[in-house]
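Chemist: This is the structure I have questions about; it appears just below.
The values are calculated or read from the model by the stated rules, or taken from the named source; none is laboratory data. The structure displayed is predicted, hence computed values, not measured ones. With ideal geometry, Cβ positions are generated from the backbone for all residues, glycine too; neighbour counts draw on all protein chains shown. SASA here: full protein model, heavy atoms, side chains in, ligands and nucleic acids out. Shrake-Rupley method; radii C 1.70, N 1.55, O 1.52, S 1.80 Å.
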Amino acid sequence: MDGRGAPPGIDPFAFALANLEDTYEVAAGLNLVRATIACPPEHAGSAASLLWSGADVIPTGDVREVFARLAELGATQSAVLSADAPDLPALAVGKLFRALGRADLAVSPCQRRGAVALAANLPLAPWLSDVNLSLDDTGLLDRLAAAAPRRGALATTPGWHRLSEPSAVAFLDPGLEGWESTRELLEQTGLDGR
């Protein structure tokens, strides 16, 4: 939650928190999904204030640790969404889960860097043990493709954008539903996501 994508005039932490809230609400609004927030321990208190009743914060920012923790809790599939994708459509998340019917891992690439989301069957397949699963890794998709033991082990779904740099707010579509917290913050400072 570093807020590196905050436009000038917007507090980076407030921007990161608004993005996180909107991204969480996308996941929490899905049927058959139990949403939670994973973040570095120092931000767990702020993240917990966003959770719906009955959800817990997973105090780590490491994707592999998130998948491991969710597997320990009994999950057989999971998706990890980047916290800076407040307008990610629910349909995009659904496509990740659908891809897991045939693949071990599904990736929604980011239009500018890394990935917007990863979804996996749990526990993680052995071929993923040596692959860095960071959503910020610009070479993630190439490394995953190289490590996959068979063609269908890795699925790629349509990509999306992340608000990882100030100019990325231009990708926000005011006509899309959702992203209320981010939208409100941008409107308060005279920016409207266009």
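Chemist: Residue under question is G54, and the condition is that it be modelled with pLDDT under 95, under 22 Å from T182 (Cα atoms) and assigned to a loop (DSSP other than H, G, I, E, B); does it hold?
Modeler: In short, no.
Chemist: Suppose we filter A120, A155, A125 for residues that are in contact with a Ser or Thr (Cβ under 7 Å, 6 or more places away or on another chain), surrounded by 13 or more Cβ atoms within 10 Å (Cβ to Cβ), farther than 30 Å from P8 by Cβ and among the small types (G, A, S); which single one remains?
Modeler: A120
Chemist: Within region 132-145, can you find the residues that are part of a helix (DSSP H, G or I) and either open to solvent by 90 Å² or more (accessible area, probe 1.4 Å) or among the charged types (D, E, K, R) (or both)?
Modeler: Correct list: D142, R143.
Chemist: So the check is Cβ under 8 Å with 6+ separation or different chains; which pairs have a first residue in region 1-20 that's more than 18 Å from L135 (Cα to Cα) and a second one that's open to solvent by 70 Å² or more (accessible area, probe 1.4 Å) and in a helix (DSSP H, G or I)?
Modeler: A18/E184
Chemist: Go through region 93-105 and give me each residue that's more than 18 Å from A68 (Cβ to Cβ) and buried (at least 19 other Cβ atoms within 10 Å of the Cβ).
Modeler: Within region 93-105, V93, L96, A99, A103 qualify.
Chemist: Mind checking which residues of region 37-53 are open to solvent by less than 50 Å² (accessible area, probe 1.4 Å) and more than 17 Å from the chain's Cα centre (by Cα)?
Modeler: S46 - this is the single residue of region 37-53 that is open to solvent by less than 50 Å² (accessible area, probe 1.4 Å) and more than 17 Å from the chain's Cα centre (by Cα).
Chemist: Over 26 Å from P89 (Cα atoms) and polar (S, T, N, Q), is that true of S134?
Modeler: So S134 fails the test.
Chemist: Go over the candidates G94, G114 one by one and state the one that is under 14 Å from the mean Cα position of the chain (by Cα), at pLDDT below 95 and not polar (S, T, N, Q).
Modeler: G114
Chemist: Based on this model, can you work out whether E184 counts as over 30 Å from E72 (Cβ atoms), acidic (D, E), open to solvent by 20 Å² or more (accessible area, probe 1.4 Å) and not in a helix (DSSP H, G or I)?
Modeler: no
Chemist: Just to be sure, is D62 open to solvent by 20 Å² or more (accessible area, probe 1.4 Å), under 14 Å from the mean Cα position of the chain (by Cα) and either of a type in the set (K, R) or closer than 20 Å to N19 by Cβ (or both)?
Modeler: So D62 passes the test.
Chemist: Return the total of residues in region 51-97 being among the aliphatic types (A, V, I, L, M) and in contact (Cβ under 8 Å) with a residue 60 or more places away in the chain.
Modeler: 8
Chemist: Based on this model, can you work out whether D173 counts as acidic (D, E), in contact with a helix residue (DSSP H, G or I) (Cβ under 8 Å, 6 or more places away or on another chain) and in a loop (DSSP other than H, G, I, E, B)?
Modeler: It is false that D173 is acidic (D, E), in contact with a helix residue (DSSP H, G or I) (Cβ under 8 Å, 6 or more places away or on another chain) and in a loop (DSSP other than H, G, I, E, B).
Chemist: Specify the residue that is farthest from D136 (Cα to Cα); the eligible residues are those in region 2-36 that are of a type in the set (V, I, T) and open to solvent by less than 20 Å² (accessible area, probe 1.4 Å).
Modeler: Applying the filter and picking the extreme gives I10.
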